[in-house]
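Here's the structure we're looking at; comments come further down.
Nothing in this text is a laboratory measurement; each read-out follows from the coordinates by a stated rule. From a predicted model like this one, the values you see are computed outputs, not experimental measurements. Ideal geometry is used to build each Cβ from the backbone, glycine not excepted, and the neighbour counts take in all protein chains shown.
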Amino acid sequence: MAVVSPATGELAAAGAPARRKAAPLWGQFAILIVIMLICVFPFYWMVTTSLKTQIVALEAPPVWIFEPTLANYREALFEDGVLRTLVNSLIIAVCTTALALVLGVPAAFALARFEFRGKRDLWFWFITNRMVSPIVLALPFFLIARNLGLLDKHITLILIYLTFNLPIVIWIVTDQFRGIPYDLDEAARLEGASQFTIMRRICLPLAMPGVAVSAIFSFIFSWNELMFGLILTRTEAKTAPAMAVSFMEGYNLPYGKIMATSTLIVIPVLIFALIASKQLVRGLTMGAVK
Amino acid sequence: MRGKVARKTIFAFIGPAVIGLAAVGIAPLVYALWTSLHFYNLTKLKRVEFIGLENYWTVLTDEVFWQAMGRTFFLLGTALPLQIAFGLGIALVLHQPGLTLLKTLARLSLVLPMATTYAVVGLLGQVMFNQKFGVVNQLLGGADINWIGDPTNAFAMIIFWDVWQWTPFVALVLLAGLTMVPGEVEEAARLETKSKWTVLRYVQLPFLLPGLVAVLILRTADTLKLFDMVFTLTRGGPGSSTEFISLMIQRVGFRGFDQGLASAQAIILLIITIVLAQIYIRVFYKEVN
């Protein structure tokens, strides 16, 4: 794949798109189109399937042209209770994100601005949380939640999602705080401002882009999460992905409804991901790649 | 240049986060450690008893556990090279000059698979790979392949979705590396040689290494974590052909109800993860720096 080269390739300066050659770059063009098709096709199939009636959805071979219907959405949302699970997911994702920011932003400020012993170890610990398999936490957390009567409660998921949201927030926001010139702090301190005032009044407004990106990540990860939702909730706090999975039981699967629910789950994350697309790689690698 | 700050102030800033993360991230681990030393079955809670390291011994000598571990690394070993090969190809195409608008669109569409809810990927797999009315068999010219019910095909399908979802990630990481190459250096190299391979190997590769290391570490961690997509797609089946390590622990703990044994498995998985992360960071970051 790597060798498809337009004839003009080695003459054109890399990274200088302004100096474009007139010759059409057919190879590159074709590859880009194929990449886009492969990325987008599953979504196309998901949305079209969600607009099919069960009879159309089960036609073999599958049909591409049919009369679309919104019945699946209506049934899923209002009769099967998908709406409530979406609301649950929203409550949980928003609350855990807010909590991660409240706890994480001051910690990020301390990591960026203060010198203290054990800082590197603390750092390493925050990062290792990104590596730990959630199943390792899911077993004990289930037992603890059961003993404390916290199963099927929003707060349980809000808290356990901190295990991945807090490290993300700390990582991204620390990076952002580091980029803010220290002179500003210095000037404010001479005026007699406390560290907290410096953070809130001076650094935080400047760090807002990083805070926003980390919030988007935290939201996406929480919204997407399935395993904890499956294990720690039953009905009251059931999340949307857990709901989508529960359609999978039984013999004759309601494919249209499953795809309608999937579409409702995926659309908000795709919008957020596109908004944060420039920072997505940085967030997913926890800053390892700029 | 940085002023010393009072201990109390430092703690006020960082304490809540540390305490919070310890409460949800470490306390459960301590509890898992305790559980793993006991006979602890959810259906026989009357007789929870201390049995020392017996659960660990059971796990370490358990063929099923190591098979699941082997399967997990087999998935990593097949999917990751594909992701790196395709990802590098895509990154190089996106790095070429020209077609600015189309490249922007391609980059945006690359973002979509990465952000997709893992559970939804599994559900999509169920619909698209269905033997009778799945679109994949139709696109393969009306093939009659049983994807979900056949061990080898189910595994191939898991590889497909893993590659679909994470090749864009690898591509964008590597693209970030390519753009770090100073323009003059790359231009000078291109004047020296016509061979794309030489430029890649001697000019671009050093800038790609940090990204490749990050990809290797994160893909390893994520494969050990892999649960949602496989659970919704195959539930580890048919048989145990796609039962990766996280699924297996979940089965033992929540469908077999043996929390003691599952906790021991989880602790061993945690140790393997930490050791691997340490090895990777020590070995590779030294190489890179």
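Figures for the structure shown
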{"item": "Positive dipole terminus of chain A, leading residue within A:Leu204, A:Gln54, A:Leu150 (C-beta point charges)", "result": "A:Leu204"}
{"item": "Distance cut-off 29 Å, percentage of C-alpha pairs in chain B lying past it", "result": "52"}
{"item": "Choice from B:Ala12, B:Ala32, B:Ala106 with maximal GNM fluctuation in chain B (Cα, 10 Å cutoff)", "result": "B:Ala12"}
{"item": "Hydrodynamic radius (Kirkwood) for segment B:97-144, which is based on Cα pairs only, to one decimal in Å", "result": "12.9"}
{"item": "B:Thr43/A:Arg189 FRET efficiency (R0 41 Å; Cβ-Cβ; nearest 0.05)", "result": "0.10"}
{"item": "Three-way shape call for chain A based on the alpha-carbon gyration tensor, with the a/c threshold at 1.5", "result": "oblate"}
{"item": "Residue order, fewest to most beta carbons within 10 Å, for B:Leu200, A:Leu70, A:Leu101", "result": "A:Leu70, B:Leu200, A:Leu101"}
{"item": "When each of A:Lys119/A:Lys153; A:Lys257/B:Lys103; A:Lys153/B:Lys44 is checked by Cα-Cα distance, pairs over 29 Å", "result": "A:Lys119/A:Lys153; A:Lys257/B:Lys103"}
{"item": "Length released on extending from A:Val47 to A:Leu148, taking residue separation times 0.36 nm less the Cα-Cα span", "result": "32.2 nm"}
{"item": "Residue order, fewest to most surrounding Cβ atoms within 10 angstrom, among B:Glu243, A:Glu67", "result": "A:Glu67, B:Glu243"}
{"item": "For chain A, built as a Gaussian network whose Cα springs stay under 10 Å, the top-fluctuating residue of A:Thr156, A:Thr263, A:Thr69", "result": "A:Thr69"}
{"item": "Prolate/oblate/rounded call for segment A:26-69, Cα gyration tensor, a/c under 1.5 rounded", "result": "prolate"}
{"item": "Calculated Rg and Dmax of segment A:215-289 using C-alpha coordinates, Å", "result": "14.8, 46"}
{"item": "Phi-based couplings in Hz for segment A:251-261 (Karplus 6.51, -1.76, 1.60; Gly and Pro marked x)", "result": "8, 8, 6, x, 4, x, 5, 4, 6, 5, 4"}
{"item": "Tail fraction, Cα-Cα pairs, the protein assembly as shown, threshold 47 Å, whole percent", "result": "16"}
{"item": "Spin-label pair A:Leu70/A:Asn252, simplified geometry with 7 Å Cα→Cβ offset, distance in nm", "result": "2.6"}
{"item": "Max mean-square fluctuation residue, GNM over chain A, Cα-Cα springs under 10 Å, options A:Leu157, A:Leu184, A:Leu77", "result": "A:Leu184"}
{"item": "Formal net charge of residues neighbouring B:Val64 (Cβ-Cβ distance under 13 Å; K, R +1; D, E -1)", "result": "-2"}
{"item": "Those trypsin sites (Lys or Arg not before Pro) in segment B:6-94 that DSSP places in a loop and that have at most 16 other beta carbons within 10 Å", "result": "B:Lys44"}
{"item": "Which of B:Ser263, B:Ser241, B:Ser36, B:Ser195 has the fewest Cβ neighbours within 10 Å, and the rest in rising order", "result": "B:Ser195, B:Ser241, B:Ser36, B:Ser263"}
{"item": "Prolate/oblate/rounded call for segment A:27-127, Cα gyration tensor, a/c under 1.5 rounded", "result": "oblate"}
{"item": "Efficiency of FRET between A:Glu79 and B:Thr179 - r from beta-carbon atoms, R0 45 angstrom, step 0.05", "result": "0.35"}
